[in-house]
């Protein structure tokens with residue numbers, strides 16, 4: 001169970017095993033919510049993807065219940081758990097939970113105050129609502145890829161993180177759930193939340209989209225300051241083949257950068273489109289003269305908005321991140337201890353004890369159903385029928 005936190009006392013039932021919904025429950029748990037992962041019994045293991053043990057922080061601090069939701073007894077057991085929950089999160093294709101008898105209407109009938117959150121790629125309605133997709137598809141639809149830098153073949157470069165699943169989907173769902181819980185605290189009424197990941201990508205792209213609406217300008221790579229139009233906001237190779245990121249937007253920071261690179265002649269030309277190629281050429285030559293870390297040591301503390309382009313092996317040893325307790329050591333019953341990303345979001349407790357992650361076969365099914373009111377004889381029958389595990 002999670003340590004007490006801002007969401008202490010909130011119970012979440014999570015029907016997802018991977019994707020945005022799994023990220024949503026991960027963050028809610030980090031804030032102290034009691035999260036119960038709901039999945040199928042082992043004999044139905046092909047119904048859901050089983051993520052690797054380390055994914056989503058190994059479901060640390062969570063509980064697990066295994067129910068056959070296609071069986072009437074499994075459905076009834078889920079509704080019994082939902083009757084005492086605060087939040088239900090699901091990520092099936094639109095319409096599936098209603099066919100299973102565990103959709104918003106069914107849960108609301110036993111728990112009028114429920115916050116029911118459906119996460120899907122394209123939303124619960126619309127011409128594309130039944131389309132299959134993944135992170136890349138939603139970034140493509142929402143304009144993110146077209147405005148991104150180009151790969152070696154001239155097409156949009158693949159992103160280095162699941163921006164759609166994490167920010168447009170998972171964080172959108174967290175925000176919506178928290179808003180609904182705040183509203184419920186004063187009104188007593190629950191809410192149904194239709195979280196569309198594609199909609200979330202458009203929200204992330206709103207600066208570009210709103211610019212197009214207002215001016216007719218078509219955003220894209222090198223179109224605006226934030227997509228590389230100017231040399232002050234770009235990445236550069238250093239002498240050792242490693243890269244550096246420069247984000248000197250403010251004139252003062254840009255001037256500092258120019259002086260440090262020996263490029264004073266370009267200080268008054270930060271936004272001069274006619275000479276951006278010349279400035280880039282000068283910056284490239286300067287950065288190529290020394291190793292990356294030498295530049296970072298000089299420029300990082302010098303108000304130039306410069307940082308190293310860190311690899312994952314580098315960032316996990318970063319002294320700043322280590323000083324902020326960004327990483328923690330977790331333990332698991334069926335393997336050695338391992339490090340993982342800790343409780344990072346503002347307001348979470350970074351000082352709590354080292355986490356334990358769920359074992360591959362660990363469940364809390366009997367414990368949770370007994371607490372919900374199912375007696376031992378009924379539990380035995382459900383086990384014998386393969387409805388629970």
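Throughout, read-outs are computed from the coordinates displayed, never taken from laboratory work. Not measured: the values here are computed from a predicted model. Reconstructed Cβ throughout: ideal geometry from the backbone, glycine too, with neighbour counts over all protein chains shown.
A few points about this structure:
- Structural size metrics of segment 102-181, computed from C-alpha coordinates, are Rg and Dmax of 16.4, 55 Å.
- Shape call, segment 336-389: gyration tensor on alpha carbons, a/c limit 1.5: prolate
- Order by protection proxy (mean Cβ within 10 Å, highest first), peptides 93-99, 314-320, 21-27: 21-27, 93-99, 314-320
- A straight chain from residue 223 to residue 259 at 0.36 nm per residue would run longer than the Cα-Cα distance by 10.3 nm.
- Distance between the modelled labels on residue 354 and residue 331, one decimal in nanometres: 0.6 nm (7 Å Cα→Cβ projection).
- Computed FRET value (nearest 0.05) for residue 302 with residue 189, which takes r as the C-beta separation and R₀ as 56 Å: 0.55
- Note on the chain: with a GNM built from Cα contacts shorter than 10 Å, the maximum mean-square fluctuation among 369, 299, 81 falls on 299.
- Inter-part distance where segment 67-85 and segment 288-303 are each reduced to a Cα centre, Å: 58 Å
- FRET efficiency for residue 243 and residue 175, using Cβ-Cβ distance with R0 set to 45 Å, rounded to 0.05: 0.85
- Label-to-label distance for residue 318 and residue 340 is 2.1 nm, based on points extended 7 Å past Cα in the beta-carbon direction.
- Once C-alpha pairs closer than 8 Å and six or more residues apart are averaged by separation and normalised to the residue number of segment 108-169, the relative contact order reads 23 percent.
- Residues of segment 61-97 with amide N under 16 Å of the 7 Å Cα→Cβ point at residue 377: none
- Normalised by the number of residues in the chain, the mean separation of alpha-carbon contacts (under 8 Å, six or more apart) gives a relative contact order of 17 percent.
- Among the listed values [x] 31.2, 94; [y] 24.9, 84; [z] 20.7, 66, the one computed from these coordinates for Rg and Dmax of the Cα atoms in Å is [y].
- Prolate/oblate/rounded label for segment 1-129 (Cα gyration tensor, a/c 1.5): rounded
- Each Cα pair under 8 Å and six or more residues apart adds its sequence gap; the mean of these over the residue count of segment 184-311 is a relative contact order of 24 percent.
- FRET efficiency, 1/(1 + (r/R0)^6) with R0 41 Å, evaluated for residue 134 and residue 250 via beta carbons: 0.65
- Computed helical MRE - 222 nm, the chain, DSSP H runs ≥ 4 contributing -39500 (n - 2.57), nearest 500: -9500 deg cm²/dmol
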